[in-house]
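**Student:** The following block contains the structure, expressed as structure tokens.
The values are calculated or read from the model by the stated rules, or taken from the named source; none is laboratory data. These numbers were taken from a predicted model, which means no experiment stands behind them. Note that we place each Cβ from the backbone using ideal geometry, even for glycine, and neighbour counts take in every protein chain shown.
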């Protein structure tokens, strides 16, 4: 009785949600597994796409793990970590975003029974870290370098890497076509770090095969004024002037006012204004440029002035396009340095007219013009190409590759199992669990393709155990196993290293959390939606209000 | 005293030219622009509300709302809540319980149903005996058309997959301009076939890959059965025939030959045969209610829906020298804010005189360089108008930017932004400029003909009512596109479904050589190709299956890939005799695009939507 009468100690603000202990760890693991479950089916060449609709009505169809995770709008705090690692993988290597989420999910899944059995999370974490370390070393050891090959050969090898990435995408049917395009683009840009130098332009209409690569810059015809059609549309070796000013008749200063007492002077004001603009235009012409591009508007007056002098002009060119033109033609914005290129032409692409600068001297840019049937289609194609570009860039820098198709994962898994046997203590179990989790990749590849995963995995395990089949992975076409290396299913090793690293880090982070404290104040800021999350989570179920409660009743 | 005469005018009257350089298949697609374009007629023709919903008259099933029919409701599940071992749900996504998620086969079926629904609507519009759809916009505007792209564009489709179909047809429209109905019907048929395959448990991606292989076979086959056909500027007959095939399915089919001839002539006039490039922007399609369709004509020059600024100006000018101005006939205004302080009567007089002198000078300038006609982008006030009249200088005002540019191109003149810049070389030349009035109405239009450079032409359409004219415009656009495509690539295939049947036979035969699951998909593709001749036969009131099988067997027996459906009951199946052609690239594009979109739809296995909206 006495115990009941004990005064309640209120430590935290009312409504604060705290949950702690083993149950909290398990709960977090479950949340992460559920998220991993969503992207599971997008893995591999037989992976499916997701159609995500947001409440604003825009639709995305994607196969890219990072894109899907971003659009899912996840609010669960633990699960958000997975979104972050997908994003970081995207930023770091550009591809393997689904892989990293899947791996993290698998690591957590394997950890769950141990947690439930009362193993201390820190024990698990330590073993996972060791395993991760071992795995990465093994990958480095197994990776095959493509350094020292001739340019031709290297190109071919890079194209193989790109086509492995593209095979899981919507444009997989044309992967060779796009892979060589991507490799050409990346090699054109060579050592420059700026990704923005590879432009991707999207033009709806046509089919994928109509896409093309411009060794230089291409951009859509800008808004034009009357007189534009009378300008020449084709130049050989033109000089290009890049500006950042408005070539329009306008007041020079806002809020300025001219007061005249003598009406006769009126004309001089008018003339003065015209002279300013004519002066500018004249200077452009004097420079000898044949093409004038400006980031700001070129008005009707300027357009007609240039048309009169057989000069091509385009105003309101997007900043990045102008930068790219500058890089490509060797010009600089707003200086006396004029750029040049071999050929300039205005061309019809689908329903749009495009300004194309090709054969640029410094040649540090490339533009891919993408064609496709529908907007969503082109957008997904762009994302896929972005992945491929990133992969090729990474491969150029870090020129080692590993076999794909789950082969490398199986090999590491085998290696870790073998290693685990040499360890005495609990750690043996945990490293074994880690090894088992790595098998998720080939397993999922089979699942997505509709093969019997157990069957294929057993074959793979057997093959790898013999010691000679270390390159064997899932054969997606027949449902058997095949030598991935011989079949040119290659990935840059940095993708795998980064994925394993990030996934392990995320798993460890989630395992190490045993208490969540959620402040009620921030919730109201986040709106009711977040409040609904509260009711469900953890022990703090006391705060069963709002939509959380409704969510329960529904079930 | 501060006195502002005409000199101080608000800047807003200086409207920016706001032309859009594209030949739109339908005027209703007019983009809403932030800047007004000053032509009152224009505003009436293009009401700002652009969305139309499918009217009941079209007989299709409504695609508005939750999408592909009723099967969708069944499969919908609220975004599954996850439960942990202790029976507590946890919420991962924002507003999870308000999202619906369709997964796996359920999702694919719902998507296919939506795609099929769209195809079903267009199916009856295919071919020469295809029917039109009437579309009514919320504010009562009516469009009657059988152009696939236009129908879908106006239908205000809500379902995501259905939107993909709309884009499919739009993309055919952009690239080829014709065959927008066929591509959707083909995609619908492919989806229908894949539904059967999915039920058999074939992996959707295997199906998609099979389709892709099949589409390549069909593409190659089309190349084989295609024929090059020669034409030249003097021999335009083949071009005309191809264009008439396009027009035969339209409401204007009774005048198809004349219209086809007009379209071909127009395209040839602006074509650059060496570069094989045609800039359709140079062809202006103008329409006016009244008269008969037969009065439709091709004008080698420009028609402007304007008249002379003063009723007493001459209505006909021969050997006109045209000054094309983008500056108004008024005293110049500096852009900087300015005020003229007038404190004495003398000053006021000076200002007044000065202004008059401006008008005088302007007109004199035009006279001096030898202009006999002034075309101005802006207006001019009564004083200028009077002066122009007085000095016997005819003028036209408020001519839009696009027209101005076309006039400049046609007459070889330059657009002059300032009176000081007027020189005799900058004047455009036209053999004859005349004002023409129509019927009993007071409407007048300005014809500028026999221009120095004939590379800008106008097709002037007459017709009983506005809907008819709009539909004719769309039909002419299709015909223009076909002619353009032929100039780019002069290969043709025969129409009437013959190419599809031939491909179907070829794909079917090729299917047997492919091992693996794809074989089924390839066979299904062959069957889907039959959908087009089938729809043609159905729309023509023939027995679809009987006709199709008869034609198919005839093709195989006689080894003649030119047998098609005899829609017009001419009495022969051979499309060579019927002179029914289509462009090779158009047909190839149809097959590729349809395959591409179907692949995209099949690849989706998870649809996440915010449910109640």
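**Student:** So in region A:17-32, with the set limited to residues that are in contact with a helix residue (DSSP H, G or I) (Cβ under 7 Å, 6 or more places away or on another chain) and more than 8 Å from every other protein chain (Cβ to nearest Cβ), which one is surrounded by the fewest Cβ atoms within 10 Å (Cβ to Cβ)?
**Tutor:** For region A:17-32, the residue satisfying everything is A:22.
Residues checked against (1) under 28 Å from residue B:303 (Cα atoms); (2) in the same structural domain as residue B:257 (by TED's automatic domain parsing):
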position: B:458; (1), (2): yes, no
position: B:463; (1), (2): yes, no
position: B:467; (1), (2): yes, no
position: B:470; (1), (2): yes, no
position: B:481; (1), (2): yes, yes
position: B:484; (1), (2): yes, yes
position: B:499; (1), (2): no, no
position: B:502; (1), (2): no, no
position: B:505; (1), (2): no, no
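**Student:** Now for a separate question. Is it the case that region A:231-253 has a residue that's within 12 Å of another protein chain (Cβ to nearest Cβ), buried (at least 20 other Cβ atoms within 10 Å of the Cβ) and part of a helix (DSSP H, G or I)?
**Tutor:** Scanning region A:231-253, I find no residue that is within 12 Å of another protein chain (Cβ to nearest Cβ), buried (at least 20 other Cβ atoms within 10 Å of the Cβ) and part of a helix (DSSP H, G or I), so the answer is no.
**Student:** Evaluate the following for residue B:374: is it more than 14 Å from chain A (Cβ to nearest Cβ) and either closer than 19 Å to residue B:447 by Cα or outside any helix (DSSP H, G or I) (or both)? Steps first, please.
**Tutor:** On the way: more than 14 Å from chain A (Cβ to nearest Cβ): yes; either closer than 19 Å to residue B:447 by Cα or outside any helix (DSSP H, G or I) (or both): yes.
So residue B:374 passes the test.
**Student:** In region A:291-324, which residues are closer than 30 Å to residue A:200 by Cβ and in a loop (DSSP other than H, G, I, E, B)?
**Tutor:** A:295, A:296, A:297, A:311, A:315, A:316, A:317, A:318
**Student:** Taking the condition of being surrounded by fewer than 17 Cβ atoms within 10 Å (Cβ to Cβ), away from every other protein chain (no Cβ under 12 Å) and free of Cβ contacts under 8 Å to residues at least 40 places away in the same chain, how many residues in region B:256-279 meet it?
**Tutor:** Counting residues in region B:256-279 that are surrounded by fewer than 17 Cβ atoms within 10 Å (Cβ to Cβ), away from every other protein chain (no Cβ under 12 Å) and free of Cβ contacts under 8 Å to residues at least 40 places away in the same chain gives 2.
**Student:** Of the numbered conditions (1) closer than 25 Å to residue A:512 by Cβ; (2) within 14 Å of another protein chain (Cβ to nearest Cβ); (3) surrounded by fewer than 20 Cβ atoms within 10 Å (Cβ to Cβ), residue A:126 fails exactly one; give the number of that condition.
**Tutor:** The one condition residue A:126 does not meet is (2).
**Student:** Please find, among B:288, B:321, the residue that is more than 22 Å from residue B:487 (Cβ to Cβ) and outside the structural domain of residue B:416 (by TED's automatic domain parsing).
**Tutor:** B:288
**Student:** Within region A:376-397, is there a residue that is farther than 25 Å from residue A:492 by Cα, in a loop (DSSP other than H, G, I, E, B) and assigned by the TED database to the domain that holds residue A:169?
**Tutor:** No: region A:376-397 contains no residue that is farther than 25 Å from residue A:492 by Cα, in a loop (DSSP other than H, G, I, E, B) and assigned by the TED database to the domain that holds residue A:169.
**Student:** Also, quick follow-up: Among the residues of region B:291-314, is there at least one that is away from chain A (no Cβ under 14 Å), within 30 Å of residue B:397 (Cβ to Cβ) and free of Cβ contacts under 8 Å to residues at least 24 places away in the same chain?
**Tutor:** yes
**Student:** Sort out which residues of region A:475-505 are free of Cβ contacts under 8 Å to residues at least 40 places away in the same chain and assigned to a loop (DSSP other than H, G, I, E, B), and write them in order of number.
**Tutor:** A:477, A:478, A:479, A:480, A:486
Conditions tested, residue by residue: (1) more than 13 Å from chain A (Cβ to nearest Cβ); (2) in a loop (DSSP other than H, G, I, E, B); (3) at pLDDT below 85.
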| residue | (1), (2), (3) |
| --- | --- |
| B:125 | yes, yes, no |
| B:129 | yes, yes, yes |
| B:144 | yes, no, no |
| B:152 | no, no, no |
| B:157 | no, yes, yes |
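**Student:** Let me ask you something else. Can you find even one residue in region A:262-284 that is more than 14 Å from chain B (Cβ to nearest Cβ) and assigned to a loop (DSSP other than H, G, I, E, B)?
**Tutor:** No: region A:262-284 contains no residue that is more than 14 Å from chain B (Cβ to nearest Cβ) and assigned to a loop (DSSP other than H, G, I, E, B).
**Student:** When you check residue A:140 against the structure, is it in a helix (DSSP H, G or I) and either touching a helix residue (DSSP H, G or I) at 6+ places or on another chain (Cβ under 7 Å) or away from chain B (no Cβ under 14 Å) (or both), yes or no?
**Tutor:** Working: in a helix (DSSP H, G or I): yes; either touching a helix residue (DSSP H, G or I) at 6+ places or on another chain (Cβ under 7 Å) or away from chain B (no Cβ under 14 Å) (or both): yes.
Here the answer is yes, as residue A:140 does meet what is asked.
**Student:** While we're here: Could you check how many residues of region B:336-351 are in a loop (DSSP other than H, G, I, E, B), surrounded by fewer than 16 Cβ atoms within 10 Å (Cβ to Cβ) and within 7 Å of chain A (Cβ to nearest Cβ)? Don't jump to the end; show me each part of the working.
**Tutor:** Step one: of region B:336-351, the residues in a loop (DSSP other than H, G, I, E, B) are B:336, B:342-344.
Next, from what is left, pick out any that are surrounded by fewer than 16 Cβ atoms within 10 Å (Cβ to Cβ): B:343-344.
Narrowing the set further to residues that are within 7 Å of chain A (Cβ to nearest Cβ) leaves none.
Going through region B:336-351 one residue at a time, the tally reaches 0.
**Student:** Tell me, yes or no, whether region A:261-269 has at least one residue that is more than 30 Å from residue B:409 (Cα to Cα) and surrounded by 20 or more Cβ atoms within 10 Å (Cβ to Cβ).
**Tutor:** Checked region A:261-269: at least one residue is more than 30 Å from residue B:409 (Cα to Cα) and surrounded by 20 or more Cβ atoms within 10 Å (Cβ to Cβ).
**Student:** May I ask you to verify whether residue B:452 is surrounded by fewer than 21 Cβ atoms within 10 Å (Cβ to Cβ), farther than 21 Å from residue B:277 by Cβ and touching a residue at least 12 places away in the same chain (Cβ under 8 Å)?
**Tutor:** So residue B:452 fits the description; yes.
**Student:** Okay, moving on. Every residue in region A:49-64 that is facing another protein chain (nearest Cβ under 7 Å) and buried (at least 23 other Cβ atoms within 10 Å of the Cβ), please.
**Tutor:** A:49, A:50, A:51, A:52, A:61
**Student:** Still on this structure, please answer the following. If you scan region A:213-230, which residues turn out to be within 22 Å of residue A:323 (Cβ to Cβ) and either buried (at least 19 other Cβ atoms within 10 Å of the Cβ) or in contact with a strand residue (DSSP E or B) (Cβ under 7 Å, 6 or more places away or on another chain) (or both)?
**Tutor:** A:213, A:214, A:215, A:216, A:217, A:218, A:219, A:220, A:221, A:222, A:224
**Student:** Continuing with this model, one more query. One residue is enough: does region B:216-239 have a residue meeting the conditions buried (at least 22 other Cβ atoms within 10 Å of the Cβ), in contact with a helix residue (DSSP H, G or I) (Cβ under 9 Å, 6 or more places away or on another chain) and within 21 Å of residue B:604 (Cα to Cα)?
**Tutor:** So far as region B:216-239 goes, no, none of its residues is buried (at least 22 other Cβ atoms within 10 Å of the Cβ), in contact with a helix residue (DSSP H, G or I) (Cβ under 9 Å, 6 or more places away or on another chain) and within 21 Å of residue B:604 (Cα to Cα).
**Student:** With B:361, B:319, B:368 as the choices, which residue is exposed (fewer than 15 other Cβ atoms within 10 Å of the Cβ) and part of a strand (DSSP E or B)?
**Tutor:** Details: B:361 fails: part of a strand (DSSP E or B); B:368 fails: part of a strand (DSSP E or B).
Result: B:319 is the single residue among B:361, B:319, B:368 that is exposed (fewer than 15 other Cβ atoms within 10 Å of the Cβ) and part of a strand (DSSP E or B).
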